[in-house]
Amino acid sequence: MKVLMFGWEFPPHIAGGLGTACYGLTQGLAKNQVDVTFVMPKASGEEDQRKIKIVNASDVEWNTYYAQQVQESKELSFIEVNSQLIPYVGLDDYFNVINQIESGLFEKQIPGEKRKYLFSGTYGQNLMEEVAHYAIVAAQIATNEQFDLIHAHDWLTFRAGIAAKKISGKPLVIHVHATEYDRSGERNRNEMVYQMEKEGMEAADAICAVSDLTRNIIIEKYGISPEKVFTLHNAVQQNKKEIVREKNLKGKIVTFLGRVTFQKGPEYFVETAKKVMEYDPEVRFVLAGDGDMMTRIILRVAELGIADRFHFTGFLSGADIDTLFGMSDVYVMPSISEPFGISPLEAMRAHVPVVISKQSGVSEILKYAIKVDFWDIDATADAIYGILHYPALAKIFAEKGKEEVNNLKWEYVAKKLKQIYEKVLENQQFPKS
Amino acid sequence: MRKVCFHFQITQPYRLRTYRFFDIDKNHNYFDDFQNSYLANRLAERCYLPVTQMFIDLLEKYDNFFLSFSITGDSIRLFQDYCPAVIENLKKMVATGKVEIVGNTFSHSIASLYGKKSFLEQIKEQEKLLKEVFDVKPTSFCNTELIYSDEIGEWLYEAGYNVVLTEGAKHILGWKSPSYLYCNPFQTELKLLLRNYSLCDDITLRFEDKGWDKYPLTVDKYLSFLKAIPEDAAYINLFMDIETIGEYHPKESGVFDFFYHLVVEIAERENLSFILPSEVASVKEDLSTMHSPWPISGSSDEKDVNEWLGNELQQEAFQQLFILEDLYTESQNNNAKTNWLRLQAADHFAFMSTKWFPELSVKRNFDVYPSPYQAFINYMNVLNDVKLQLELNDKHLTKVSKQVKNK
């Protein structure tokens, strides 16, 4: 079985969980004898290509014929966006990003009708335009490559998936890692992104949702027929080397790790910290990450007068994350809405007990975790206090939690995914109606 | 002649409220009054009142109908607090002279798994209460969840009991039948009545099970099960939670009619009769021994004590609880002392169980905790406060009461 997969990012250069998930999934598919050709807007050449083939969309020469094809078809009419939209960052960050984007994008004119398009592959200000061009290039790739079906990850690649389906006639599976409802909430949703998500869901032959939570959103908020929506929980990569548990600070450490945005609930982490510190002056809280709510959070910490035991690390990656987990006694994820949430699994992998919000997809699959409502500061504080003060609890989580996470393998996820592929192919061969 | 020994257990605990760590050393009200009142009344309405009424009617109608029951001290206090009519009905039953109250622990305690001292304290408290409320002194004993071992048996004999009701656990009995009378190997004067759990589960677990090949269970069918037991095996011991009638199986299932007619049939048949546990104390013939070096119980299929002490959380809570044994003895804070007894209830430990994880078992019917971990944290918070309360000495106590008065 051959799959043409469209993604937006892939390790080692990633901005969030999407790239990590794509990596794990493609490795798992390889183990299940599924060949994957992974297309991304801008590959660095450093990607791991041992098990899958990477296609760099920026290298693909495309025929203007496809641009016309794609543009002429009704379903795929372009929305010209003179967009100032940056869906993955909040307003405060917006101006920073504008200054940061160095190259932006430009078109290379090539003699004749052939063209190349250089993508930035980020989530910058030309995102909408890139998304649109990605679809054109996808159509070209779909004629170049041999495959049985198409798999597209998140709204950024849905148009590419639809275009590839249009050109090849092969079935389309889309993968929803997050919806506009998780990113922006009901009221602030970006209409254009919502429309593109809905379009992708409607055009798809099957939809993979990363949790039941996301599956329900797809069915209820996007009006998609439940029969074609499947829950496919994420897994976590096994860590190559054991994380060293080592502390350079006295006292217990409670950790938050993630983007400091509304969706992740950092405010609740601060309020919880205050509550616990009042009764246990020995404990320290660490907030690792950056985002548009940072200033507000710092101000609140100062206001509560807990800055001496509440620490900010800024954005962390790689080895720094391992060091932090190695120091942590509790990991807290108070997300307001989390389609999946892979970070608790990474914490558990490092023997750290976790307290997670019930409003997260990952809570659907974990047994060895304390689950609380994100808004329930008392319950969260109580759970943290319990883990810090009643050793039996920390022990059971450290041991059994690690065991539990070790059994969440991408290989098994991919096996389930392969079954979905098979079902889709079967349905295409023998349509129901 | 086969003898049917009916025994019903009433064991409602005082349920804990959500007690946070910041309540420790500040608030000493640990119990969820609303829930305790709600459950006591719900159960009374669905089960305790109609069931006791049914038994009263049957006792009046049939001179040869006898039954026994046990009720924990906590349950007595709960009903006194929230639903006194239940106690009145039980008193009426006892007044017929054909109902035996069997001894048990004060708070559905698992103290017998820790040691003699706390276990005997529980028994003493319970005897005091039974004397006060029903004016009886039991001579038969049914421990919490039928927990029993050779050693527990010896302690009980020492405490003045000569009959113990426990589980007919297969891994202990082997090829032997629970339908004979047994005795403790070290204290042969202590007689053992063993529960026929298969016959009990037919009602408790399978009465409404449509997938069961014997469904629906009728009185005739049930009597045919009784008849299948060999003629010389005289004792058919049916011990069950009283909640079986009306709560586990609602009235609409026909469970009341089933029990009513079962009693009628047994009472009217010549080859069947009812007995009370205390009657077997006077049996003179030589009995075979039942040797139980480790504790057994009536819990699920394993008949062991893993439901309460199966994981690290339960063991930790158990150790932390009973480490306060001496503190309890010395303490003069009576309120805290009662609360310490109440924290020994098996129910609290069952809520921390990960045995059937994540599926809920029958036993966790009234579980209010989102997970075993939260059950553990809540329990430990309460325990820590109870400990502080037990530690208060005389001076402090007077201080506290003065402060209260000043307020």
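Check the range B:288-297 and report whether any residue there is closer than 30 Å to residue B:63 by Cβ and either within 14 Å of chain A (Cβ to nearest Cβ) or part of a loop (DSSP other than H, G, I, E, B) (or both). No, the range B:288-297 has no match at all.
Among the listed residues A:347, A:302, A:383, which satisfies the condition of being within 14 Å of chain B (Cβ to nearest Cβ), assigned to a helix (DSSP H, G or I) and either small (Gly, Ala, Ser) or within 27 Å of residue A:175 (Cα to Cα) (or both)?
On the way: A:347 fails: within 14 Å of chain B (Cβ to nearest Cβ); A:302 fails: within 14 Å of chain B (Cβ to nearest Cβ).
When all the criteria are applied, what remains is A:383.
Say we look at the range A:386-422 and pick out the residues that are more than 8 Å from every other protein chain (Cβ to nearest Cβ) and assigned to a loop (DSSP other than H, G, I, E, B); which of these is nearest to residue B:310 (Cα to Cα)? Checking each candidate, the answer is A:407.
Let me confirm something: among B:55, B:79, which residue is closer than 27 Å to residue B:344 by Cβ, of a type in the set (Phe, Trp, Tyr), at pLDDT 95 or above and assigned to a helix (DSSP H, G or I)? I'd like the intermediate steps shown before the answer.
Working: B:55 fails: closer than 27 Å to residue B:344 by Cβ.
On inspection, the qualifying residue turns out to be B:79.
Taking the range A:203-240 as the search range and keeping residues that are touching a Pro at 6+ places or on another chain (Cβ under 7 Å) and in contact (Cβ under 8 Å) with a residue 24 or more places away in the chain, which one is farthest from residue A:345 (Cα to Cα)? By that ranking, first place goes to A:205. Remark: residue B:375 falls outside the filter, which requires a residue to be at pLDDT 90 or above, away from chain A (no Cβ under 14 Å) and under 23 Å from the mean Cα position of the chain (by Cα). Residues of the range B:20-31 that are within 14 Å of chain A (Cβ to nearest Cβ) and assigned to a loop (DSSP other than H, G, I, E, B): B:20, B:24, B:25, B:26, B:27.
Remark: residue A:254 matches the filter, which requires a residue to be closer than 24 Å to residue A:360 by Cβ, at pLDDT 95 or above and surrounded by 14 or more Cβ atoms within 10 Å (Cβ to Cβ). Within the range A:171-192, the residues that satisfy the criterion of being closer than 18 Å to residue A:215 by Cβ and in a helix (DSSP H, G or I) are A:180, A:181, A:182, A:183.
Could you grab me the full set of residues in the range B:193-219 that are in a helix (DSSP H, G or I) and hydroxyl-bearing (Ser, Thr, Tyr)? Give the derivation first.
Within the range B:193-219, the first condition is being in a helix (DSSP H, G or I), and the residues that meet it are B:197-204, B:219.
Scanning the range B:193-219 gives B:197, B:198, B:204.
For the range B:249-287, filtering for residues that are under 28 Å from residue B:188 (Cα atoms) and part of a helix (DSSP H, G or I) leaves 6.
Does residue A:355 satisfy the criteria of being at negative phi, among the aliphatic types (A, V, I, L, M) and away from chain B (no Cβ under 14 Å)? No.
Suppose the filter is assigned to a helix (DSSP H, G or I) and surrounded by fewer than 20 Cβ atoms within 10 Å (Cβ to Cβ); does residue B:43 pass it?
Details: assigned to a helix (DSSP H, G or I): yes; surrounded by fewer than 20 Cβ atoms within 10 Å (Cβ to Cβ): no.
Here the answer is no, as residue B:43 does not meet what is asked.
I'd like the full set of residues that are under 21 Å from residue B:68 (Cβ atoms), at pLDDT below 95 and of a type in the set (Phe, Trp, Tyr), limited to the range B:207-252. Scanning the range B:207-252 gives B:235, B:248.
Checked against (1) in a loop (DSSP other than H, G, I, E, B); (2) surrounded by fewer than 18 Cβ atoms within 10 Å (Cβ to Cβ), residue A:202 passes all but a single condition, namely (1). Scanning the range A:295-314 for residues that are closer than 16 Å to residue A:255 by Cα and of a type in the set (A, V, I, L, M) returns A:297, A:298, A:301, A:306, A:307.
Answer yes if at least one residue in the range B:6-19 is touching a residue at least 60 places away in the same chain (Cβ under 8 Å), assigned to a helix (DSSP H, G or I) and of a type in the set (Lys, Arg), and no otherwise.
If we filter the range B:6-19 for residues that are touching a residue at least 60 places away in the same chain (Cβ under 8 Å), which is where we start, we get B:6-16, B:18-19.
After this cut, where a residue has to be assigned to a helix (DSSP H, G or I) as well, the list is none.
No - not one qualifying residue is present in the range B:6-19.
Using the structure shown, decide if residue A:372 is within 18 Å of residue A:213 (Cα to Cα) and either surrounded by fewer than 21 Cβ atoms within 10 Å (Cβ to Cβ) or facing another protein chain (nearest Cβ under 10 Å) (or both). Judged against the criteria, residue A:372 is a match.
Total residues in the range A:359-369 satisfying the condition of being within 7 Å of chain B (Cβ to nearest Cβ) and within 17 Å of residue A:255 (Cα to Cα): the figure is 0.
The set of residues from the range A:231-281 being more than 14 Å from chain B (Cβ to nearest Cβ), acidic (Asp, Glu) and either under 16 Å from the mean Cα position of the chain (by Cα) or over 30 Å from residue A:24 (Cβ atoms) (or both) comprises just one member, A:267. Inspection of the range A:376-383 identifies no residue that is among the polar types (S, T, N, Q) and closer than 23 Å to residue A:25 by Cβ.
Residues that are within 11 Å of the chain's Cα centre (by Cα) and either without any contact (Cβ under 8 Å) to a residue 12 or more places away in the chain or not in a loop (DSSP other than H, G, I, E, B) (or both) within the range A:11-33 comprise A:14, A:17, A:18, A:19, A:20, A:21, A:22, listed in sequence order. Can you tell me which residues in the range B:303-338 are more than 14 Å from chain A (Cβ to nearest Cβ), farther than 14 Å from residue B:118 by Cα and touching a residue at least 24 places away in the same chain (Cβ under 8 Å)? B:303, B:305, B:306, B:307, B:308, B:331, B:332, B:333, B:335, B:336, listed by residue number.
Filtering the range B:162-192 to residues that are touching a Pro at 6+ places or on another chain (Cβ under 9 Å) and either part of a loop (DSSP other than H, G, I, E, B) or of a type in the set (Asp, Glu) (or both) leaves B:167, B:168, B:169, B:177, B:179. Just give me the residues in the range A:210-261 being polar (S, T, N, Q) and in contact with a Cys (Cβ under 9 Å, 6 or more places away or on another chain), in sequence order. Passing the criteria: only A:231.
The values are calculated or read from the model by the stated rules, or taken from the named source; none is laboratory data. Note that this is a predicted model, so its numbers are computed, not measured. Heads up, the Cβs are rebuilt from the backbone with ideal geometry, glycines too, and the neighbour counts pull from every protein chain shown.
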